[in-house]
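S.K.: Before we start, here is the structure in question, set down as structure tokens.
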Amino acid sequence: MKEERRRLPSTSPSGTYLAAGSDAGFAWTDELRRSITSVAELADHLQLTEDERQGALRAEQAGLPIAITPYYLALADPLDPRCPIRRQCVPHIAEDREVPGDMVDPLGEAVHEVAPDLVCRYPDRALLLVSDRCSVYCRFCTRSRMVGAGGGVRTLEHLTPAFIWLAEHPEVRDVIVSGGDPLVMSTDRLARVLGRLRDIPSVETIRLATRVPVTLPSRVTGELVDALRRYHPIWVMTHFNHPKELTELAREACLRLVDAGFPVMNQTVLLRGINDDKGTLETLFRGLVRWRVRPYYLLQADPVRGTSHLRTPIESGLRLMEELQGRLSGIALPKLIVDTPGGLGKVPISPDYVVRRLPGRTVLRTFRGAEVEYVDPQ
Ligand code: SF4
């Protein structure tokens, strides 16, 4: 596929991306420092529409701030406001709009906080929020209430009550380290957090939730991978939403992780006008599988206040899953998930392939539309 083999130019059309990962001396922190954070910088690189300009002005004053790495900005079309990269990272005035059903904290994380920055919504797993910083602030972010709020990386002292709570709750076996983005922290600080988690014998699995392979792949260095693999088993949960994000640098980042023994799982958020068509999703999922990244969830976008312009009705996801079923092998087909508002947990939803249930027999519909009877064993 064309996008997959694309190595970014050393200079983007807008002249912003100059490092391109091929420079051995390039530091990811440099790239972060050169991120676009203001309306003026955005306007230097993109031909903004009035709705984007107003949205960016609003974002400078309140709500989710602007941050876009030079790498990610170089993927955006400087002229076309419908560009799927641009729509994910450039604010829009529609963020000011509130519609029925919108929530500030749709997953009820604040009410499920069991210690500072530790959220527990399920019996066997917990979410540890180690920072409020990300390399790019995604306009659909579920945690827009807190990311970029200025608290920065949480200290070990601040997280100590969370470690104590986890040690006292051995039923929690899986800890998702998130934020913000944990890979935006220094390697040393992140390693210290992982070390504290590994000191708790009941914590079996650690997951790192990160968008860095998508938005700042230069961060996935050999040094990072070597430091983190000491704390295995660690799974990496990442977040590719569109085939334009499948660049050569992103591929190298994912392969570095996979080759070092980190299973990499992808959660795609279904976004209106960005990826809500079967061709886009098929290309994305096939590309990820070629990198040994598992398309894990297709997430119905959470009803975060100010994101209605990016969300789709549930019916769209069901239709897309129906269109993809049979076209894609099981390893390329994610589950469609709704994370129920209020923080009551994820629900998998699926098109209905059961036509009729009879005593001892079930009539099923195949992906080609044929009806087939399955007879239960006596
Ligand atoms: S990287 Fe994740 S936490 Fe950060 S803004 Fe994007 S979706 Fe939100």
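S.K.: Please enumerate the residues belonging to region 120-138 that are under 14 Å from THR69 (Cα atoms) and either more than 8 Å from the ligand (Cβ to nearest atom) or open to solvent by 40 Å² or more (accessible area, probe 1.4 Å) (or both).
M.R.: Of everything in region 120-138, just one residue is under 14 Å from THR69 (Cα atoms) and either more than 8 Å from the ligand (Cβ to nearest atom) or open to solvent by 40 Å² or more (accessible area, probe 1.4 Å) (or both), namely ARG133.
S.K.: ARG286 passes all but one of (1) open to solvent by less than 10 Å² (accessible area, probe 1.4 Å); (2) under 20 Å from the mean Cα position of the chain (by Cα); which number fails?
M.R.: Going through the list (1) open to solvent by less than 10 Å² (accessible area, probe 1.4 Å); (2) under 20 Å from the mean Cα position of the chain (by Cα), ARG286 breaks only (1).
S.K.: Whether any residue in region 21-30 is open to solvent by less than 10 Å² (accessible area, probe 1.4 Å), within 27 Å of ARG143 (Cβ to Cβ) and either modelled with pLDDT of 95 or more or of a type in the set (Ser, Thr, Tyr) (or both) is what I want to check.
M.R.: So far as region 21-30 goes, no, none of its residues is open to solvent by less than 10 Å² (accessible area, probe 1.4 Å), within 27 Å of ARG143 (Cβ to Cβ) and either modelled with pLDDT of 95 or more or of a type in the set (Ser, Thr, Tyr) (or both).
S.K.: OK, next. Just checking, how many residues over region 96-144 are among the acidic types (Asp, Glu) and on the phi > 0 side of the Ramachandran plot?
M.R.: 1
S.K.: Please identify the pairs in which a residue from region 160-183 that is away from the ligand (no atom under 16 Å from the Cβ) has its Cβ atom under 6 Å from the Cβ atom of a residue that is assigned to a helix (DSSP H, G or I), counting only partners at least 6 apart or on another chain.
M.R.: What qualifies is PHE163/ARG196; VAL172/LEU166; VAL175/LEU197.
S.K.: Then there's this: Could you give me the residue pairs with C-beta distances under 6 Å whose first residue belongs to region 272-298 and is more than 18 Å from CYS254 (Cβ to Cβ), whose second residue is among the small types (Gly, Ala, Ser) wherever it lies, and which are 6+ apart or on separate chains?
M.R.: So the pair list comes out as ASP276/SER316.
S.K.: Only one of (1) open to solvent by less than 10 Å² (accessible area, probe 1.4 Å); (2) within 27 Å of GLU171 (Cα to Cα); (3) part of a helix (DSSP H, G or I) fails for PRO213. Which number is that?
M.R.: (2)
S.K.: For SER308, are the conditions met, namely being open to solvent by less than 70 Å² (accessible area, probe 1.4 Å) and of a type in the set (Gly, Ala, Ser)?
M.R.: So SER308 passes the test.
S.K.: Mind listing just one residue for me: the one in region 216-243 that is open to solvent by 20 Å² or more (accessible area, probe 1.4 Å) and within 16 Å of VAL293 (Cα to Cα) and, of those, farthest from the ligand (Cβ to nearest atom)?
M.R.: TRP235
S.K.: What are the pairs, 6+ residues apart or on separate chains, where a residue within region 315-332 that is over 11 Å from LEU298 (Cβ atoms) has its Cβ under 6 Å from a residue that is assigned to a strand (DSSP E or B)?
M.R.: ALA332/PRO295
The values are calculated or read from the model by the stated rules, or taken from the named source; none is laboratory data. Remember, predicted model here, so these are calculated numbers, not experimental data. Don't worry about glycine lacking a Cβ; one is built from the backbone with ideal geometry, like all the others, and counts go over all protein chains shown. Keep in mind that these areas ignore ligands, DNA and RNA; they rest on the heavy atoms of the full protein, side chains included. Shrake-Rupley method; radii C 1.70, N 1.55, O 1.52, S 1.80 Å.
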